[in-house]
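Below is one structure, written out as structure tokens, with a few remarks after it.
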């Protein structure tokens, strides 16, 4: 099952507070990405608005509950409803995350990481085939943000994605912000990650903001894209030939005009590369130190202080 990427250009995550303005103003952007679960079970205004917007813009569906890595059986009812929605709005493609969201029928409502090894790979390959058969279209899978790495992992994430896409024909959604977040948290090189990633299989890019807490970064989608993520985007853009690129903004959502203006910043990095794409900022480089060093003498906001500093200390010390 193969997917031919469409040159959709720059797109924006579809959020309900922008519905009316999108239809009245018709902003000059290429497409919208809708969160699948926000519309799958709705027969009311949200779904009606999505259908109306789909009359004027290409739509991509992006899910958060497929749980492709779980050991629970795939939810066939969920897949049937997702297929009906995709057919209804003529979705260009359907995506979700390489993660699991629950087990034993319990949904954690979070994107939980997998141990990356041959057993996990075989398990996910089987499930991707089943999902693609149920949806009658290729599945697109995204790299999630991560905060820990499993001692059981024997494959790095780019190698896992390469093997998965080759075995199943699935496409890949490369979230550039997630690369930056995960690599900072693991004290690894985001550009080495991108250089190893199977970019030839990527059909979409994500951009978003995050919260930097000194010792760690949390993927929050609640602000503007930082300069280092923009530079990584430029690095990827050169190597993908220009593919569909989307801005996510999911909390403290500003006006549609502000979101569009942030999205339009991508054009400068696509055309001029304001700063060298191969160089991270001095501030970021200086933050690549141990969590204990980064925390010392600082007064950082830390909404998960009960967990993250200790976990990140352990990561830095190669204790897990």
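None of the figures in this text is laboratory data; all of them are computed from the coordinates on show. Source: prediction; values computed, not measured. In this analysis, Cβ positions are derived from the backbone assuming ideal geometry, glycine residues included, and neighbour counts consider all displayed protein chains.
Structure summary
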{"item": "Packing-based exposure ordering (other Cβ within 10 Å, fewest first) of 32, 150", "result": "150, 32"}
{"item": "Separation in nanometres of the label points that stand 7 Å from Cα toward Cβ, at residue 41 and residue 126", "result": "2.8 nm"}
{"item": "Efficiency of FRET from Cβ geometry, residue 133 and residue 112, R₀ 22 Å, rounded to 0.05", "result": "0.30"}
{"item": "Pair residue 72, residue 25: separation of 7 Å Cα→Cβ label points (nm)", "result": "3.9 nm"}
{"item": "Least to most buried among 114, 207 (fewest other Cβ within 10 Å first)", "result": "114, 207"}
{"item": "Gyration tensor (alpha-carbon) shape descriptor, segment 96-182, a/c threshold 1.5", "result": "rounded"}
{"item": "Prolate/oblate/rounded call for segment 177-251, Cα gyration tensor, a/c under 1.5 rounded", "result": "oblate"}
{"item": "Full-stretch length increase - residue 264, residue 196 - with 0.36 nm per residue and alpha-carbon distance subtracted", "result": "21.7 nm"}
{"item": "Extended-chain gain in nm, criterion 0.36 nm per residue less alpha-carbon gap, residue 148 and residue 48", "result": "32.0 nm"}
{"item": "Sorted by Cβ neighbour density within 10 Å, fewest at the top, the residues 142, 157", "result": "142, 157"}
{"item": "For segment 24-172, the fraction of alpha-carbon pairs in successive 5 Å shells from zero, as %", "result": "2, 9, 19, 21, 18, 14, 9, 5, 3, 1, 0"}
